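**Q** Pasting a structure here, questions to come.
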Amino acid sequence: MTSQSAPNIELSLIAPTYNEIENIVPLVERVHKALSQYSYELVIVDDNSPDGTSELAKSLSAEYPLKVIVRTSERGLASAVVAGFREAKGQVLGVIDADLQHPPEVIPALLEAIRAGADVAIGSRYISGGGIEGWSTKRRVISGGAKAFTHILLPSARKIQDPLSGLFLFKREVVDGVVLAPTGYKILLEVLVKGNASHISEVPYTFKERERGKSNLTIREELNFLKHLGRLGWIEGDIKRFIKFCTVGASGAGVNLGLLAFFVEVVGLYETLAVVISYEISILNNFIWNELWTFRDKRASAGGSVLSRAIKFNLVSLGGFSINLAVFALLFNLFGVFYIISEAVAILSAMLWNFFANLKWTWRARHEEALANQSLQEK
Ligand code: UDP
Ligand code: MG
């Protein structure tokens, strides 16, 4: 981000608009009333709305601390917000919808959370005191699914109850030197994944029904959100790690079969003994590659010695082997599924178990252990 902050402006609030002419006056008035005790600027970023939104907004800018940006070359919620950040002068940056579904009256509580030390303060529908007005069950289920998906793909969103919130503030430093290039309209995810925030706080609010104007969000924006999730998950999540883990597993299978042939054909061992020895060596092969490659970044923070990790890795593999047998028996013997399909599902189950057990145990960071113990003691 390129803009300079001005010391006398504490908060820049960005509101993207498209055909919001009916909401502009109440938005500007309610924001101003809510923030009367604070120094702030409201930055309206309008995508050249045909209904005259930007002209009306500009007519208010003599009376209120209001800046209006009209974009003609680009459209879309995500890039509009980033354009607003670029022009913003405040120490704290924030985003709010212009249609008043985000009640401006909650902003002071968000700003106070920042003053109290939060790097990011999120308006949250999903913590106690928060809520959603007038959503159908279908919309709630879709929203819940999107949230669950986000939690699976993005480790940094897991501790947040409302990671898809569109109402949030953050300290300018969080995105210092960071290039924000959101693919979808969930800008908060971009800030959480790419920015440097350590303390995040959620403040409850109720998402209101739209009273004036109509929704502009298209199915295309929802698809962009999924693309965005995939991209961010690729950057920070465990997708890449899982692919590495599977690659190592495949190399282990090669080592296993090669050695088996060698021990039987060249050395002349009994087949059963050769199977056991080559199996164990292939596990050591996998351990070494995972230690040096898949979990390389976790080595420094993981507890214990290499030997203790090697033992844990062996135990996890033993668990994976048992899961493989159990799932195969269940599918093949009990449900009569074709044996190749049964074993394919069994292998996948064992791989997933191996991956997550190693991630959460073998290469688990020591401070994660300390945190887990602490929360156990608090219960
Ligand atoms: N918006 C925008 N450009 C777009 C779509 C939406 O600036 O292409 C603005 C819109 O004016 C509103 C906010 O983004 O201030 C949220 O959009 P909307 O209310 O249409 O979404 P919904 O609440 O229905 O999900
Ligand atoms: Mg809306």
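The values are calculated or read from the model by the stated rules, or taken from the named source; none is laboratory data. Bear in mind the structure is a predicted one, so any value in this text is a computation, not a measurement. Neighbour counts run over all protein chains shown; Cβ positions are idealised from the backbone, glycine included. Just the protein is used for accessible areas: all its heavy atoms, side chains included, with ligands, DNA and RNA removed. Shrake-Rupley method; radii C 1.70, N 1.55, O 1.52, S 1.80 Å.
**Q** Can you give the FRET efficiency to the nearest 0.05 for L226 and V337, using r as the Cβ-Cβ distance and R₀ = 22 Å? List each step's numbers first, then the result.
**A** Numbers: r = 31 Å, r/R0 = 1.42.
Given R0 = 22 Å and the Cβ-Cβ separation, E is 0.10.
**Q** Next question. With every protein chain left in place, what is the accessible area of D47 in Å² (1.4 Å probe, nearest 10)?
**A** Its heavy atoms expose roughly 10 Å² to the probe.
**Q** Using only the alpha-carbon atoms of the chain as identical scatterers, what base-10 log of I(q)/I(0) does the Debye formula give at q = 0.11, 0.12, 0.15 Å⁻¹?
**A** Normalising to I(0) and taking log10 leaves -0.86, -0.96, -1.28.
**Q** Pairs K240/K312; K58/K147; K138/K240; K147/K312; K186/K312: which are spaced more than 31 Å apart, C-alpha to C-alpha? Please list the in-between numbers first.
**A** Values: K240/K312 22 Å; K58/K147 37 Å; K138/K240 33 Å; K147/K312 33 Å; K186/K312 39 Å.
In this structure, K58/K147; K138/K240; K147/K312; K186/K312 exceed 31 Å between Cα atoms.
**Q** Could you give the Stokes-Einstein D for the range 42-100 in µm² per second, using the C-alpha Kirkwood radius, 25 °C, 0.890 mPa s?
**A** Details: Rh = 12.0 Å.
So the translational diffusion coefficient is about 204 µm²/s.
**Q** Continuing with this model, one more query. Along the range 312-323, what does the Karplus equation 6.51 cos²θ - 1.76 cosθ + 1.60 (θ = phi - 60°) give for ³J(HN,Hα), rounded to whole Hz, x for Gly and Pro?
**A** The phi angles translate into 4, 4, 4, 5, 4, 5, 4, x, x, 4, 5, 5 Hz.
**Q** Ok, one more. Size of the range 280-360 along its principal axes in angstrom, Cα-based, largest extent first?
**A** Ordered largest first, the range 280-360 gives principal extents of 46, 21, 17 Å.
**Q** Which ³J(HN,Hα) values, rounded to whole Hz and listed in residue order, are derived for the range 269-285 from phi using the Karplus coefficients 6.51, -1.76 and 1.60 in 6.51 cos²θ - 1.76 cosθ + 1.60 with θ = phi - 60°, glycine and proline given as x?
**A** Whole-Hz 3J(HN,Hα) from phi for the range 269-285: 6, 5, 3, 4, 4, 4, 4, 5, 5, 5, 5, 5, 5, 5, 5, 5, 4.
**Q** Turning to a different aspect of this structure: Once ligands and nucleic acids are excluded and a 1.4 Å probe is used, how much of V141 is accessible, expressed in Å² to the nearest 10?
**A** 100 Å²
**Q** When the solvent-accessible surface of protein heavy atoms is calculated with a 1.4 angstrom probe, in what order do T72, T150 fall, highest first? Each step should come with its number before you reach the end.
**A** On the way: T72 110, T150 0 Å².
Putting T72, T150 in descending order of accessible area: T72, T150.
**Q** Please report the relative contact order for the chain, taking Cα pairs under 8 Å with a sequence separation of at least 6, and give it as a percent rounded to a whole number. Can you show the working numbers first?
**A** On the way: 570 pairs, mean separation 53.9, N = 379.
Answer for the chain is 14 percent.
**Q** Let me ask something additional. In degrees between 0 and 90, to the nearest 10, how far off the longest principal axis of the chain does helix 366-378 point, with axes built from Cα atoms?
**A** It is inclined by approximately 70 degrees.
**Q** For the range 190-255, just run the numbers: alpha carbon Rg, then divide by 2.2 N^0.38 Å, N being how many residues it has.
**A** On the way: Rg = 19.6 Å, N = 66, 2.2 N^0.38 = 10.8 Å.
Relative to the rule-of-thumb radius for its length, the range 190-255 sits at 1.81.
**Q** Could you rank T206, T272 by how accessible they are, 1.4 Å probe, largest area first? Each step should come with its number before you reach the end.
**A** Values: T206 45, T272 105 Å².
Highest to lowest solvent-accessible surface, that is T272, T206.
**Q** Over the Cα atoms of the range 1-137, Rg to Rh with Kirkwood Rh, two decimal places? Mind dumping the intermediate values first?
**A** Working: Rg = 14.9 Å, Rh = 15.5 Å.
Rg/Rh: 0.96.
**Q** Check I69: other-chain or 5+ apart residues with amide H under 5 Å from its amide H, H built from backbone geometry?
**A** I44, V45, D46
**Q** For the range 1-59, take the convex hull of the Cα atoms, compute a quarter of its surface area, and give me that in nm², please. Mind dumping the intermediate values first?
**A** Details: hull surface 18.8 nm².
Averaged projected hull area, Cα only: 4.7 nm².
**Q** So how tilted is helix 219-236 from the main axis of the chain? Cα-based, degrees 0 to 90, rounded to 10.
**A** Rounded to the nearest ten degrees, it is 50.
**Q** If I take every Cα pair under 8 Å that is 6 or more residues apart in the range 123-163, average their sequence separation and divide by the length, what percent do I get for the relative contact order? Present the calculation step by step, with values, prior to reporting the outcome.
**A** Details: 20 pairs, mean separation 19.7, N = 41.
This gives 48 percent for the range 123-163.
**Q** What share of Cα pairs, in percent, lie more than 22 angstrom apart in the range 153-239? List each step's numbers first, then the result.
**A** Details: 1179 of 3741 pairs.
I get 32 percent for the Cα pairs in the range 153-239 exceeding 22 Å.
**Q** Right, here's the next one. Compute the accessible area per residue over the range 32-165, keeping the other protein chains in place, probe 1.4 Å, unit Å². Each step should come with its number before you reach the end.
**A** Working: 5740 Å² over 134 residues.
Here the per-residue accessible area is 43 Å².
**Q** Run through every distinct alpha carbon pair of the range 88-130 and return the Kirkwood hydrodynamic radius in angstroms, one decimal place. Could you put the intermediate results ahead of the total?
**A** Numbers: mean 1/r = 0.0869 Å⁻¹.
That comes to 11.5 Å for the range 88-130.
**Q** Sort L13, L292 from largest to smallest accessible area, using a 1.4 Å probe on the heavy atoms of the protein chains.
**A** The most accessible residue leads, giving L292, L13.
**Q** While we're on this one: Would you kindly derive the ³J(HN,Hα) couplings of the range 328-342 from the backbone phi angles with the Karplus curve 6.51 cos²θ - 1.76 cosθ + 1.60 (θ = phi - 60°), listing them in order in whole Hz, with x for Gly and Pro?
**A** Using θ = phi - 60°, the values come out as 4, 4, 4, 6, 6, 6, 8, 9, x, 6, 3, 4, 5, 5, 4 Hz.
**Q** Additional query: What do you get for trypsin sites (Lys or Arg not before Pro) in the range 174-222 restricted to DSSP loop and a cutoff of at most 10 other Cβ within 10 Å of the site's Cβ? Present the calculation step by step, with values, prior to reporting the outcome.
**A** Working: sites: K186, K194, K208, R210, R212, K214, R220; in loops: K186, K208, R210, R212, K214.
Passing sites in the range 174-222 are K214.
**Q** Below 8 Å between Cα atoms, with a sequence gap of 6+, how large is the relative contact order for the range 103-211 in percent? Numbers along the way, then the final one.
**A** On the way: 158 pairs, mean separation 50.5, N = 109.
Normalised by residue count, the contact order of the range 103-211 is 46 percent.
**Q** Roughly how much of F332 is accessible, in Å² to the nearest 10, using a 1.4 Å probe?
**A** For F332, solvent-accessible area is about 80 Å².
**Q** Next question, about the same structure. When DSSP beta bridges are limited to those with both residues in the chain, what percentage is antiparallel, rounded to the nearest 5? It would help to have the intermediate numbers written out before the result.
**A** On the way: 8 of 31 bridges.
Among the beta bridges of the chain, antiparallel pairing accounts for roughly 25 percent.
**Q** Right, something else. For the range 14-94, with all protein chains present and a 1.4 Å probe, just round the carbon and sulfur fraction of the accessible area to a whole percent.
**A** Numbers: 1620 of 3400 Å².
Within the range 14-94, the accessible surface is 48 percent carbon and sulfur.
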